[in-house]
1. Being of a type in the set (A, V, I, L, M) and in a loop (DSSP other than H, G, I, E, B) is the filter; apply it to the range 17-52 and report the residue that is surrounded by the fewest Cβ atoms within 10 Å (Cβ to Cβ).
2. Looking only at the range 35-55, count how many residues are of a type in the set (A, V, I, L, M) and within 14 Å of LEU5 (Cβ to Cβ).
3. Among the residues of the range 67-111, how many are in contact with a Leu (Cβ under 8 Å, 6 or more places away or on another chain) and either among the small types (Gly, Ala, Ser) or surrounded by 15 or more Cβ atoms within 10 Å (Cβ to Cβ) (or both)?
4. Take the range 157-176 and flag every residue that is part of a loop (DSSP other than H, G, I, E, B) and either of a type in the set (Gly, Ala, Ser) or in contact with a Cys (Cβ under 9 Å, 6 or more places away or on another chain) (or both).
5. Among the numbered criteria (1) without any contact (Cβ under 8 Å) to a residue 12 or more places away in the chain; (2) outside any loop (DSSP other than H, G, I, E, B), which single criterion is violated by ARG119?
6. Going through GLU181, GLU156, GLU116, GLU131 one at a time, which residue ends up being surrounded by fewer than 17 Cβ atoms within 10 Å (Cβ to Cβ), closer than 20 Å to LEU53 by Cβ and not hydroxyl-bearing (Ser, Thr, Tyr)?
7. Out of the residues in the range 92-143 meeting the condition of being in contact with a helix residue (DSSP H, G or I) (Cβ under 7 Å, 6 or more places away or on another chain) and polar (S, T, N, Q), tell me which one is farthest from ILE78 (Cα to Cα).
8. Between VAL147, VAL151, VAL125, which is within 15 Å of SER51 (Cβ to Cβ), modelled with pLDDT of 95 or more, surrounded by 19 or more Cβ atoms within 10 Å (Cβ to Cβ) and in contact with a Ser or Thr (Cβ under 8 Å, 6 or more places away or on another chain)?
Amino acid sequence: MKLALLRHAQTEAAPGLCYGRTDVAVAPEAMRALAERIAPQLAQDAKIVCSPLQRCAGLAEAMAALRPGLALRHDARIAEMDLGAWEGGSWSSIDRAELDAWTRDFADARAGGSGESMRQFMQRVGSAFDEWHANGRDALWITHAGVIRAVWLLSEGVRCAERADQWPAQPIAFGEWVVVEG
């Protein structure tokens with residue numbers, strides 16, 4: 001059984017913007033091009049689950065328009081991590097002491113002081129992952145880099161990154177397609 005994870009197309013956010021749960025837009029041309037590239041590769045009975053944030057939901061809807069009959073469902077559990085007060089600012093403007101405090105207590109400190117902790121985020125994504133696994137069917141999630149990294153850990157049996165150095169660091173390109181097996 002396979003879970004395909006597709007990261008949304010490049011957003012229109014300024015470079016360096018911290019936008020976890022912020023609902024930033026994607027240029028329509030970029031969304032259309034990614035949908036046209038991916039939709040033909042999907043099985044006729046593909047099940048698509050997407051984050052409700054417009055950068056993912058818009059892509060899922062564009063793919064469904066190209067392939068009528070595809071099952072599509074929005075699921076807030078696979079939205080990006082809530083980064084609290086950091087949302088909407090630049091990463092470079094976040095006080096180094098705040099970032100250090102977050103990484104020192106990586107599992108339980110709330111990102112941006114009021115956002116999600118890693119434990120909360122992993123529990124949320126883990127709930128969706130467990131549901132997919134219990135269903136016993138291949139699926140495609142249209143989601144975010146943070147969710148993809150969380151799924152990598154979950155697929156290895158890690159329910160929470162307790163330390164910052166346990167969090168997967170490899171880059172995930174916009175529009176990248178990753179597959180895990182369950």
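The values are calculated or read from the model by the stated rules, or taken from the named source; none is laboratory data. Note that this is a predicted model, so its numbers are computed, not measured. Here the Cβ positions follow ideal geometry from the backbone for every residue, glycine too, while neighbour counts run over all protein chains shown.
1. ALA43
2. Restricting attention to the range 35-55, the residues satisfying the condition of being of a type in the set (A, V, I, L, M) are 35, 38-39, 42-43, 46, 48-49, 53.
Cutting the leftovers down to within 14 Å of LEU5 (Cβ to Cβ) gives us 38, 42, 46, 48-49.
Here the count works out to 5.
3. Selection size over the range 67-111: 8.
4. Filtering the range 157-176 down to residues part of a loop (DSSP other than H, G, I, E, B) leaves 157-163, 167-176.
Matches in the range 157-176: GLY157, ALA161, ALA169, ALA173, GLY175.
5. With (1) without any contact (Cβ under 8 Å) to a residue 12 or more places away in the chain; (2) outside any loop (DSSP other than H, G, I, E, B) applied to ARG119, the lone miss is (1).
6. Result of the check over GLU181, GLU156, GLU116, GLU131: GLU131.
7. If we take residues in the range 92-143 being in contact with a helix residue (DSSP H, G or I) (Cβ under 7 Å, 6 or more places away or on another chain) and polar (S, T, N, Q), then THR103 is farthest from ILE78 (Cα to Cα).
8. Being within 15 Å of SER51 (Cβ to Cβ), modelled with pLDDT of 95 or more, surrounded by 19 or more Cβ atoms within 10 Å (Cβ to Cβ) and in contact with a Ser or Thr (Cβ under 8 Å, 6 or more places away or on another chain) holds for just one of VAL147, VAL151, VAL125, which is VAL147.
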